[in-house]
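Please treat every number below as a calculation from the coordinates, not as lab data. This one's a predicted model, so the numbers in the text were calculated from it and none came from an experiment. Here Cβ is always computed from backbone atoms with ideal geometry, including for glycine, and neighbour counts include all displayed protein chains.
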Amino acid sequence: MKKALAILMIFALVASVAVAEITLSGWGRGIFAPVMNSGADDDPATLNVDESETFARIGKSWDGVASDPRIKFSVNGNSDNVGFQFEINADGGLVGQDDQQKIWVKPIDMITVTMGQFFDDTLRGNAAFGSFNWIRAYGADVGEDVTFTRFCSGDKGPGAKNFDTQQGFMVAVKPMDALFIGVAFCGIGGDKNVLSKDLFDGIQIGAGYTIEGIGMIRAQYMSQYMVDGDDIVADGTVEVAFKFTMIENLYADLGFRMFTNTDTGANGENNEKDVSLYGNYKVAGATIHAIAVVRLSDDDPAYHLGAGVEYDVAGVGLEADFRFENDIWAGNGDTRVTFFAGVNKGFSNGKIGAGVQVMNEAEMGYAIPIKMEYWF
C-alpha cells in the first residue's frame, strides 16, 4: 500500500511539472552618447553642464538625459489554467518593479482573467522604427500605440495610457481564433481607493476581428483622466483601426482617435481628432517604413511625418530615418526636422550599434549614440 501511494505521489509530481513551469526572461537597452549637444542656450537636459556645451550621457531611449540603462528581467509562471508574471529592473543599480506584476487565470479555454499591473498587446498598433529606438529626444517620440492603444491597467491620459503602472482587472474573451474582446477596469489600488460608482471612469473596452486574407479591424473605448482647464476629469476616448495584411510583405495600419470631451486632447486642444497611418514593406533584404500622424482640432492641424529604411548585410544592419513635425506639433513655434543613420551588429540574444542623430528646431542639435541591447 505504501509503495502504491509513493508511486501515485511521484506520478502526481511529474504530472504537475509537465503542465506547469517557471521561466526567466529578460530585455534591456543602454545608450552611451560621448558627444551630445541640443544647440539650445537654455536646455534643462544639460543638467550641470554650462548652457549649449557638448556633453556626454548614459541612459535609455526614453526618459531624457537623467536616466540609466534599462536592465530588466521577468519571472513567469505558466500552466494550462493559472499563471503569474512579475518584472524587475535594476536601472542604476537600484532594484525596482517594472512593467508587469500580474496574476492570470483561465476558468475556461476562451476566457482569461487578469489582475494586477498589466499590458495586453493583442490589438496594439505599433510603429517603432529608426530613431524611436535610439535617443528619442533627438529623433522621434512617436512610435508605440500610434494607431491603436494597447490594453493597460492604468488610466492616465494620452502619452501615458500605454505604459501607466497602476493596478487593474481585465477579462479577455476569445471565442474563436479570429475574435478578441477585452474589458478592463483600470487605475485601481496603489495609494488610493476608487469608489465603486467611479469604476467606469477608468474602463477600457475593445475588440478586434481578423478577416482571413485581408486584415484585422479593431475598435475600443477608453475612459482616461485628462486635463480640462485647471481640473483633472475622466474623459472618453474612441479608437478605430484597420490593419491591412492582404499583400505579401506589406504591413499597413490606419487608425482614427477622437476625444468625447471637446475641451481635452493629447495637448489640451479643443475638439481634437487624430488620424494615423503606419506601413512597412519588405523587399530584397530591406524594410521600408513610413508614418504620418495628423491631429485635427478647431485650430490649424498638427502633424508628424517620417520615413525610414533598414537593410541587413551578412549580420550587419544598416538603418536610417527622417522625421518632420510642423510648428504646431513641435509646440515651440518652429518646425522640427530630425535625421538618423546607424549601424548594428546583431547576435543571437542581443546587438551593439552606433549612429548619428541630428535635430534642427530653433537651433541645431546632434548626438552620437552607442547602443547595447540584450534579450533572453
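At ALA160 and ILE368, where each label point lies 7 Å from the Cα along Cα→Cβ, what is the point-to-point distance in nanometres?
3.8 nm
Remind me, relative contact order of the stretch 24-375 in percent, using alpha carbon pairs under 8 angstrom and six or more residues apart?
Result for the stretch 24-375 is 13 percent.
Would you compute the Debye intensity of the stretch 306-361 from its alpha-carbon atoms alone, equal scatterers and no solvent, and pass along log10 I(q)/I(0) at q = 0.17, 0.18 Å⁻¹ to two decimals?
-0.62, -0.66
For the chain, set up a GNM with springs between Cα atoms under 10 Å and report which of PHE129, PHE151, PHE244 has the largest fluctuation.
In this elastic network of the chain, the residue with the biggest mean-square fluctuation among PHE129, PHE151, PHE244 is PHE244.
Roughly how big is the stretch 285-364's charge dipole about its Cα centre, with Cβ charges of +1 (Lys, Arg) and -1 (Asp, Glu), in debye to the nearest 20? Working shown, then result.
On the way: 5 positive and 12 negative charges, 107 e Å.
Charge dipole of the stretch 285-364: 520 debye, to the nearest 20.
Using only Cα atoms, what Kirkwood radius does the stretch 269-336 have, in angstroms?
13.6 Å
Starting from the 7 Å offset along Cα-to-Cβ, what nm value, one decimal, do you get for the label separation of ASP177 and LEU24?
Distance between label points: 3.5 nm.
Could you work out how far apart the two model spin labels at TYR281 and ILE205 are, taking each label as a point 7 Å from the Cα in the direction of the beta carbon, and quote it in nm?
4.0 nm
Grab the beta carbon distance between VAL316 and ASP198, set R0 = 45 Å, and tell me the FRET efficiency rounded to 0.05.
0.25
What FRET efficiency comes out for the pair VAL82/PHE244, r = Cβ-Cβ distance, R0 = 22 Å, nearest 0.05? The partial results should precede the final answer.
Values: r = 37 Å, r/R0 = 1.67.
Once the sixth-power term is evaluated, E becomes 0.05.
Please list the non-local residues whose amide H lies under 5 Å from the amide H of GLN166, H modeled 1.01 Å from N, same-chain partners needing a gap of 5 or more.
Result for GLN166 returns GLY154, ASP155.
Below 27 Å, Cα to Cα, which lysines can LYS273 reach? Residues fewer than 8 away in the same chain don't count.
Cross-link targets: LYS156, LYS161, LYS243.
Taking only DSSP H segments of four or more residues, each worth -39500 (n - 2.57), what value at 222 nm results for the chain once the sum is divided by all its residues, to the nearest 500 deg cm²/dmol?
Counting only the DSSP helices, I get -2000 deg cm²/dmol.
May I ask you to work out the translational diffusion coefficient for the chain at 20 °C, viscosity 1.002 mPa s, via Stokes-Einstein with Rh from the Kirkwood sum over Cα pairs, reported in whole µm²/s?
Calculated translational D: 94 µm²/s.
When 1/r is averaged over all different Cα pairs and the result inverted, which Kirkwood radius in Å belongs to the stretch 109-152?
Evaluated on the stretch 109-152, it is 12.2 Å.
Full-extension gain between ALA56 and ASN360, please, as 0.36 nm times their residue separation minus the C-alpha to C-alpha distance.
Contour length minus the Cα-Cα distance gives 107.5 nm.
So what does the Cα-only Debye profile of the stretch 95-221 read at q = 0.11, 0.19 Å⁻¹, as log10 I(q)/I(0), no solvent term?
-0.43, -1.13
Give the Rg/Rh ratio for the stretch 126-172, taking Rg as the radius of gyration of the Cα atoms and Rh as the Kirkwood radius, to two decimals.
1.05
Give me the Kirkwood hydrodynamic radius of the stretch 170-223 in Å, from all C-alpha pairs, to one decimal place?
Answer for the stretch 170-223: a Kirkwood hydrodynamic radius of 12.7 Å.
Can you report the principal axis dimensions of the stretch 65-124 using only the alpha carbons, biggest first, rounded to whole angstrom?
Result, largest extent first: 46, 24, 14 Å.
Would you work out the relative contact order for the stretch 59-128, in percent, from Cα pairs under 8 angstrom that are 6 or more residues apart?
Averaging sequence separation for qualifying contacts and normalising by length gives 20 percent for the stretch 59-128.
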